[in-house]
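Novice: Just passing along the structure, written as structure tokens.
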Amino acid sequence: MARLPKRYNPQEAEPRIQAFWRQLEVYHFSRNDTERPVYSIDTPPATVSGHLHLGHVYSYSHPDFIARYRRMQGANVFYPMGYDDNGLPTERLVEEWVGVRAAEVGRKAFIDRCLAVSERAESDYRSLWQRLGLSVDWRYSYRTIDALSQRTAQHSFLTLYAQGLAYRQEAPTIWCPTCTTAIAQAELGDLTRSSIFYTLLFQLVGGGTLQIATTRPELLPACVAIFVHPEDPCFAGLVGREALVPSSGHRVPILFDPAADPGKGSGAVMCCTFGDATDVTRWRTHRLPLRVALNRRGMMTDLAGPLAGLPAKEARTAMVDSLAVQGLLLGEEVIEQPVRVHERCSSPVEYSVTQQWFVRLLDHKAALLAAGEAVIWHPPHMALRYREWVEALNWDWCISRQRAFGVPFPVWICDACGTVITAEIAELPVDPVMSSPTRLCKCGSASFAPDPDVMDTWATSSLSPQIAGQWLSDPDFYAKVFPFSLHPQAHEIIRTWAFYSIVKSSYHFERVPWHTAVISGWGLAPEGGGKLSKSRGDGSLPPSAMVETYSADAVRYWAASAGFGKDAVISEEKVRAGAKLVTKLWNVARFVSRFAALQPSGVGSESAIPPLTPADRWILSQLTRLVAQCTEHLEAYDYASAKSEAESFFWQTLADNYLEMAKLRLYSDDPSAAAGASFALGKALLTVIKLFAPFLPHVTEELFQQLFANSAWEVSLHTTSWSAADQGFLDEEAEAIGGLLVAVATAVRRYKSEQALSLGSALAELIVVPDTLALAEALDAAGADLRSVTRAQRICIGDGLPPEAVSLLTVPELAVGVCV
């Protein structure tokens, strides 16, 4: 073995090692390899919506741990990278960074700005991922706005449309007035806010009054019915009558609805078109008329009379003032109210009748539930989140967006008859705004209007396996990697990315898109700051600064601290612990490199095993169990436990105990005395380096190159074989003796601490009293190791402790004391 430098400098070493990986194409997928099994990863295409934070580092590290392990297990790993850079998130980023909107500069100029901003952001993303050491094959990078992605998304849409699974309809849709676009059910969030329950007085036609409480009095012009519970005695005899709506004076019927809550407000509730999703359901069920009082920008329409043109909030205040003057406002109550909001901007949503494109979901819920069961979820309870989402669906998937930047719908609308004209498959990708159909409408018309809408970004990213796998451009390649082996993602997008990907794959291929889904938790801001956001700082160092301060390996160590499905608070203390582990690993390897050359056949060779002491056999047996445990954990996608087991062995078993046991023999002038320790240390070091390789890829590669590269190994540690659990080294007897040696060492350390002695202080004599002759013989064989770890000048194996001895340890197998 070569001698290592005294210090390891990660800031110098890590970029150099990364350049080494790129130069030697260590992480390249081999499409022509027919021997190794393919392991393909559906890497999450990062949404281009701001700067990456440590939460992204946390979740994107997790699939890399698995990729590195699978590669060392002999898999041909396909690990692409994508950027989700089309649609509303990127538009909002451009509006923030550049300060312009599409309406201000025109569609084409705005799209050009979107492309420029996304390219800049993606360059930053790639730099961070490479600096973190992700073992991605960068040849297989894609953007969801690039030509292949657009072609794939448009091909998918046309196929679904031809099958009747996609349709265009004017219907109530969830609408964001701030983003001025329709959105899907999956994009809704919940926000609790203080609101006011206004109790209003309605006049009954034919005499009498009715009290109704509402938080949306500005929607009175849109009221189309009043509902009461059929078993509420307060309203007996009112069903079938009509009421006059305050302010507007139009008549509405009073109807039964079991969903009306007698305990909420007065028990009677008005139905407006539309205040919420319940209004939409009642409107459909009872075939009520449509009265639109709020437009798509959240402003009152002409139906609101004098309130026309006012924003909804201002109209609410004006309506309340008007009702109070008329004596129709009976009371106000402050309440805490859950509000449905658009997750992108946190604005309360409205429900508006618009012309939109939809993908059918509600008719296929049973099949989609079954598809979810076909996926292996880690952790398993994430399967329940998928199931609950599908069961709770009450809308088809609205895939059209009234925005400028995104994948266009490849369709035109006939001006004469309204027929939808689709592009030809061979023409894709197309922008209907910039081109025309190549055929006449069936009615004979040649006059068409392009569909100006763009697709929901999830309509494209749900095809990430098809885009990364080159479904349309290289079918042979696609057949090698699909279905993908692994789908890593965060838990909050199970309802979007995971669900929509399953929808698309089920509809197109009648199978799920991947075998296994692994779900990461969130990286949380310190001190209760909650989930990290690209748009909010969290008070910690940004990812690049954290990496440069502590090293990529140290940050990855923190990312491996919690398993799939678990959140992790950003902790510089844990990152520093990772840096400390890197330093300790280097120092232990440096120490071992001074002595392992004493092994005649070279480290890693098992052709000539020298005589071994009980301590040697103990460490080798423990090492075998460690390999089996770490392998079992990683096979179960439990990288956190694998890292924890390896770290515990390294610090406690190897560094704190075995190294101290072996030092006396290693420093001996007798090569034969040192041979066993040299062999065991060399084997332990190489094994530990491999077990740490998925988590600490840089320092382990550097150690491998410095200490092992001259042997007949692969070019990189990360393409060598994963450590195998050598059952020949399992030795329960040695493990028992080793456990006693550790117990003795611990007792001696405790004694020295109590006596204010340094751990290196010598003891004149250590008295050991074993309970059997066999144990006495084993301890005698381990005498040098016991003297080394305790710093005892003499070990006396006797029949009992003398009266003057201080007892240090009494266990069933032996007693230990020291003479003062």
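Novice: Closer than 26 Å to Phe595 by Cβ and touching a strand residue (DSSP E or B) at 6+ places or on another chain (Cβ under 7 Å): is that true of Thr790 in this structure?
Specialist: yes
Novice: Let me ask another. What's the total number of residues in region 63-83 that are open to solvent by less than 10 Å² (accessible area, probe 1.4 Å), not in a loop (DSSP other than H, G, I, E, B) and not small (Gly, Ala, Ser)?
Specialist: Number of matching residues: 11.
Novice: I would also like to ask the following. What number of residues within region 11-26 satisfy the criterion of being open to solvent by 20 Å² or more (accessible area, probe 1.4 Å) and either touching a helix residue (DSSP H, G or I) at 6+ places or on another chain (Cβ under 7 Å) or at positive phi (or both)?
Specialist: 2
Novice: Among (1) at pLDDT 95 or above; (2) open to solvent by less than 10 Å² (accessible area, probe 1.4 Å); (3) within 30 Å of Ala559 (Cβ to Cβ); (4) not hydroxyl-bearing (Ser, Thr, Tyr), where does Gly523 come up short?
Specialist: It is condition (1) that Gly523 fails.
Novice: Sticking with this structure for a sec: I need the full set of residues from region 740-776 which are β-branched (Val, Ile, Thr) and outside any helix (DSSP H, G or I), in order please.
Specialist: Within region 740-776, Ile767, Val768, Val769, Thr772 meet the criteria.
Novice: Let me ask you something else. How many residues does region 388-412 hold that are out of contact with any helix residue (DSSP H, G or I) (no Cβ under 6 Å at 6 or more places or on another chain), outside any loop (DSSP other than H, G, I, E, B) and open to solvent by less than 30 Å² (accessible area, probe 1.4 Å)?
Specialist: 7
Novice: Additional query: Identify, from the list Leu428, Leu463, the residue that is open to solvent by less than 40 Å² (accessible area, probe 1.4 Å), touching a His at 6+ places or on another chain (Cβ under 8 Å) and within 30 Å of Met81 (Cα to Cα).
Specialist: Just a single option satisfies the conditions, and that option is Leu428.
Novice: Do you know which of the residues in region 785-804 that are among the hydrophobic types (A, V, I, L, M, F, W, C) and crowded, with 19+ Cβ neighbours inside 10 Å is nearest to Ala673 (Cα to Cα)?
Specialist: Leu786
Novice: Among the residues of region 633-664, write down those that are open to solvent by 20 Å² or more (accessible area, probe 1.4 Å) and in contact with a Ser or Thr (Cβ under 9 Å, 6 or more places away or on another chain).
Specialist: Correct list: His633, Tyr637, Ser644, Glu660, Lys663, Leu664.
Novice: On to the next question. Do the conditions hold for Tyr167, that is, is it modelled with pLDDT of 95 or more, open to solvent by less than 40 Å² (accessible area, probe 1.4 Å), within 19 Å of Tyr507 (Cα to Cα) and in a strand (DSSP E or B)?
Specialist: Against the criterion (modelled with pLDDT of 95 or more, open to solvent by less than 40 Å² (accessible area, probe 1.4 Å), within 19 Å of Tyr507 (Cα to Cα) and in a strand (DSSP E or B)), Tyr167 qualifies.
Novice: Please verify whether Phe29 is of a type in the set (Phe, Trp, Tyr), surrounded by 14 or more Cβ atoms within 10 Å (Cβ to Cβ), on the phi < 0 side of the Ramachandran plot and assigned to a loop (DSSP other than H, G, I, E, B), treating the condition exactly as stated.
Specialist: yes
Novice: Where residues in region 751-778 are of a type in the set (A, V, I, L, M) and open to solvent by 30 Å² or more (accessible area, probe 1.4 Å), which of them is nearest to Tyr658 (Cα to Cα)?
Specialist: My answer is Leu759.
Novice: While we're looking at this one, here's another question. Enumerate the pairs (first residue in region 70-96 and more than 16 Å from Gln402 (Cβ to Cβ) and acidic (Asp, Glu); second residue anywhere and open to solvent by 10 Å² or more (accessible area, probe 1.4 Å) and in a loop (DSSP other than H, G, I, E, B)) with beta-carbon separation below 6 Å, excluding pairs fewer than 6 apart on the same chain, so at least 6 apart or on different chains.
Specialist: Short answer, once both residue conditions are applied: Asp84/Pro45; Asp85/Ile145.
Novice: Has region 552-571 got at least one residue that is touching a residue at least 40 places away in the same chain (Cβ under 8 Å), surrounded by 23 or more Cβ atoms within 10 Å (Cβ to Cβ) and at positive phi?
Specialist: Checked against the condition, which is being touching a residue at least 40 places away in the same chain (Cβ under 8 Å), surrounded by 23 or more Cβ atoms within 10 Å (Cβ to Cβ) and at positive phi, region 552-571 yields no hits at all.
Novice: Can you tell me how many residues within region 246-265 are in contact with a Phe, Trp or Tyr (Cβ under 8 Å, 6 or more places away or on another chain), free of Cβ contacts under 8 Å to residues at least 60 places away in the same chain and closer than 11 Å to Leu210 by Cβ?
Specialist: Matching residues across region 246-265 total 1.
Novice: Count, please, the residues in region 431-460 that happen to be open to solvent by 30 Å² or more (accessible area, probe 1.4 Å) and in contact with a strand residue (DSSP E or B) (Cβ under 7 Å, 6 or more places away or on another chain).
Specialist: Within region 431-460, residues that are open to solvent by 30 Å² or more (accessible area, probe 1.4 Å) and in contact with a strand residue (DSSP E or B) (Cβ under 7 Å, 6 or more places away or on another chain) number 7.
Novice: Follow-up. What is the number of the single condition among (1) at pLDDT 90 or above; (2) open to solvent by 20 Å² or more (accessible area, probe 1.4 Å); (3) over 23 Å from Ala734 (Cβ atoms) that Ala781 does not meet?
Specialist: So Ala781 meets the others, but not (3).
The values are calculated or read from the model by the stated rules, or taken from the named source; none is laboratory data. These numbers come from a predicted model, not from an experiment. Every residue, glycine among them, receives a Cβ derived from its backbone with ideal geometry; neighbour counts consider all protein chains shown. For accessibility, only protein heavy atoms count, side chains too; no ligands or nucleic acids. Shrake-Rupley method; radii C 1.70, N 1.55, O 1.52, S 1.80 Å.
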